[in-house]
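So that we are looking at the same thing, I have put the structure below in structure tokens.
The values are calculated or read from the model by the stated rules, or taken from the named source; none is laboratory data. What you are looking at is a predicted structure, and each value in this text was computed from that prediction instead of being measured. As a convention, Cβ positions derive from the backbone with ideal geometry for all residues, glycine included, and neighbour counts pool all protein chains shown.
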Amino acid sequence: MNKLWSGRFTKTSEEWVDEFGASISFDQELVLEDLQGSVAHVDMLGKCQIISEEEAQRILEGLEILKKKATNDELSFSVKLEDIHLNLESKLTELIGPVGGKLHTGRSRNDQVATDMHLYLRTHVKEIILLIEELQTAILKKAEQNIETIMPGYTHLQRAQPISFAHHFMAYFWMLERDKQRFIESLKRINLSPLGSGALAGTTFPIDRSLTADLLGFEGIYENSMDAVSDRDFILEFLSGSSILMMHLSRLSEEIILWSSHEFQFIELDDCYATGSSIMPQKKNPDMAELIRGKTGRVYGNLMGLLTVLKGLPLAYNKDMQEDKEGMFDTVKTVTGSVKIFAGMIESMKVNQERMENSTKQDFSNATELADYLSSKGVPFREAHEVVGKLVLKCIQHRCYLMDLSLEEYKKANEKFEEDIYKYLDPRTAVKRRTSAGGTGFEQVELAIKKAKLLLGKDIVKSTL
């Protein structure tokens, strides 16, 4: 089988060389996008009278047949034809004859593949945006059910202050909101058309690039043909946004893994999102959370891989850029699966409210309340801090907690302490009093959830672009 570009060559490469250079093993993922771009391109060729209307119609009919076969998974591809573009062009020519060769008039595989990837990412980024919204909805529901669920808040993985579980959980809502906004913003750069830029210099045919952009639903065209075929910033931006998203999911995975352990027992995962042990019958492992935490590394790797591929490339297209696709496909699959899994995992998760609250009564996370109490009585905070620190040390030495100390002991530490100190030491009171904007106080958490619901409603409208 002669390659479609073989006219200038006197030798053919060995089979293993063909296999090394071919991309059809992975870029067949773009089959529908490639056909979509070809339909718009041939439609434009006919309207601009670059080919006859009859030729355009025959080609369009052939492309429609290929589309149906592709949808039904009835197409097979050849390594000899290197990539999805040449494979489809060859199949089109087999279907409708030599006129199929006119499909490629006024374009190159360079602008063709770039168009395919823009179309592919546009579809999948919109899907990811909607999936993020589903995860945010699951987080909102769980937070709304646990506004007054008290838990220890941590810094350095050491108990710090009592907080609302809803407040802790809603932190991830806002992380995801930033992730979603990054993807929404990236659509502006994804939704540009490189089609018609040719190999790098444009074409002598009187094509209409704005027409093909409109037919494909793009918002505009690349203004420079060399930039159009060599730009992969839109993929890097997707990989970067995906890496940040996966980092957030990995952080939440880590907490879910800790919270579901016997040491914490703050939550219990549904059996659908856990697995057992082949040797220890008692085990219930948070494997889905662990797997998402692990898959974060491969997404990071895909970003670093493409950055490294592109860093030394001169304009315009280079064969190195064939390495832009597998990491993109893998990241789409990884992110899509991870966000879907997380939504179900959060929705079905059981929160052990009693265990969480009891944990706040067996630590010194209410120590800040003592310092604030003294400060409100006119004691300089640094002095108050030292007084409370000594009280904590005393409790540690006597194996008790702040609530166990007598009023006499408090008075001895500082005369400003009064009988109402025990009310302030109650973890529920401590949480309730954190009324500053964005704080863990119950009223503030309720307000944050209301704001999140309104924001989510607006974003759902925006994301159906």
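Confirm whether Met280 is out of contact with any strand residue (DSSP E or B) (no Cβ under 7 Å at 6 or more places or on another chain), modelled with pLDDT under 95, farther than 24 Å from Lys333 by Cβ and among the hydrophobic types (A, V, I, L, M, F, W, C).
In short, yes.
Can you tell me how many residues in the stretch 288-338 are in a loop (DSSP other than H, G, I, E, B) and either in contact with a strand residue (DSSP E or B) (Cβ under 9 Å, 6 or more places away or on another chain) or not assigned by TED's automatic domain parsing to the domain that holds Asp116 (or both)?
0
Which ones in the stretch 220-267 are in contact with a Phe, Trp or Tyr (Cβ under 9 Å, 6 or more places away or on another chain) and assigned to a strand (DSSP E or B)?
Ile267
Further question on the same structure: Is there a residue being of a type outside the set (Asp, Glu), closer than 30 Å to Ile421 by Cβ and crowded, with 21+ Cβ neighbours inside 10 Å anywhere in the stretch 324-331?
no
Quick one: how many residues across the stretch 199-220 are surrounded by fewer than 19 Cβ atoms within 10 Å (Cβ to Cβ) and under 30 Å from the mean Cα position of the chain (by Cα)?
4
Separate question: With the requirement that a residue be among the charged types (D, E, K, R) and either free of Cβ contacts under 8 Å to residues at least 60 places away in the same chain or in a helix (DSSP H, G or I) (or both), what does the stretch 184-219 give you?
Correct list: Glu185, Lys188, Arg189, Arg209, Asp214, Glu219.
Considering only residues that are surrounded by 18 or more Cβ atoms within 10 Å (Cβ to Cβ) and modelled with pLDDT of 95 or more, which ones fall in the stretch 310-323?
Leu310
So is Ala228 over 29 Å from Thr308 (Cα atoms), of a type in the set (A, V, I, L, M) and either surrounded by 20 or more Cβ atoms within 10 Å (Cβ to Cβ) or free of Cβ contacts under 8 Å to residues at least 24 places away in the same chain (or both) or not?
Criteria not met by Ala228.
Filter the stretch 367-416 down to residues that are of a type in the set (Ser, Thr, Tyr) and without any contact (Cβ under 8 Å) to a residue 60 or more places away in the chain and give me whichever is surrounded by the fewest Cβ atoms within 10 Å (Cβ to Cβ).
Ser406
I need the full set of residues from the stretch 263-293 which are farther than 25 Å from Val339 by Cα and β-branched (Val, Ile, Thr), in order please.
Ile279
If you go through the stretch 358-394, how many residues are more than 13 Å from Phe417 (Cβ to Cβ) and touching a Ser or Thr at 6+ places or on another chain (Cβ under 7 Å)?
Going through the stretch 358-394 one residue at a time, the tally reaches 1.
Still on this structure: Condition first: in a loop (DSSP other than H, G, I, E, B) and surrounded by 16 or more Cβ atoms within 10 Å (Cβ to Cβ). Now tell me which residues in the stretch 417-432 satisfy that.
Phe417, Asp426 - these are the residues of the stretch 417-432 that are in a loop (DSSP other than H, G, I, E, B) and surrounded by 16 or more Cβ atoms within 10 Å (Cβ to Cβ).
In addition: How many residues, within the stretch 335-365, are hydroxyl-bearing (Ser, Thr, Tyr) and buried (at least 20 other Cβ atoms within 10 Å of the Cβ)?
So the answer is 4.
Can I ask one more? Can you find even one residue in the stretch 65-79 that is under 23 Å from Ser210 (Cβ atoms) and either of a type in the set (Val, Ile, Thr) or buried (at least 17 other Cβ atoms within 10 Å of the Cβ) (or both)?
No, the stretch 65-79 has no match at all.
Mind listing whichever residues of the stretch 137-168 are buried (at least 23 other Cβ atoms within 10 Å of the Cβ) and either of a type in the set (A, V, I, L, M) or in a helix (DSSP H, G or I) (or both)?
Answer for the stretch 137-168, where residues must be buried (at least 23 other Cβ atoms within 10 Å of the Cβ) and either of a type in the set (A, V, I, L, M) or in a helix (DSSP H, G or I) (or both): Ile139, Ala143, Ile150, Met151, Ile163, Phe165, Ala166, His167.
Looking at Leu245, is it surrounded by 22 or more Cβ atoms within 10 Å (Cβ to Cβ) and either among the small types (Gly, Ala, Ser) or in contact with a Leu (Cβ under 8 Å, 6 or more places away or on another chain) (or both)?
Yes: the conditions hold for Leu245.
Suppose we filter Val42, Val125, Val31 for residues that are among the hydrophobic types (A, V, I, L, M, F, W, C), surrounded by 18 or more Cβ atoms within 10 Å (Cβ to Cβ), in the same structural domain as Ala213 (by TED's automatic domain parsing) and in contact (Cβ under 8 Å) with a residue 40 or more places away in the chain; which single one remains?
Val125
Okay, moving on. Name every residue in the stretch 396-433 that is in contact with a strand residue (DSSP E or B) (Cβ under 8 Å, 6 or more places away or on another chain) and not aliphatic (A, V, I, L, M), in order of residue number.
Result: Pro427, Arg428.
Please verify whether Gln28 is at pLDDT 80 or above and more than 20 Å from Gly198 (Cα to Cα), treating the condition exactly as stated.
Considered against the rule, which asks whether it is at pLDDT 80 or above and more than 20 Å from Gly198 (Cα to Cα), Gln28 comes out as yes.
I'd like to know if the stretch 78-88 contains one or more residues that are farther than 30 Å from Ser338 by Cβ, in contact (Cβ under 8 Å) with a residue 12 or more places away in the chain, within 37 Å of the chain's Cα centre (by Cα) and assigned by TED's automatic domain parsing to the domain that holds Ala201.
no
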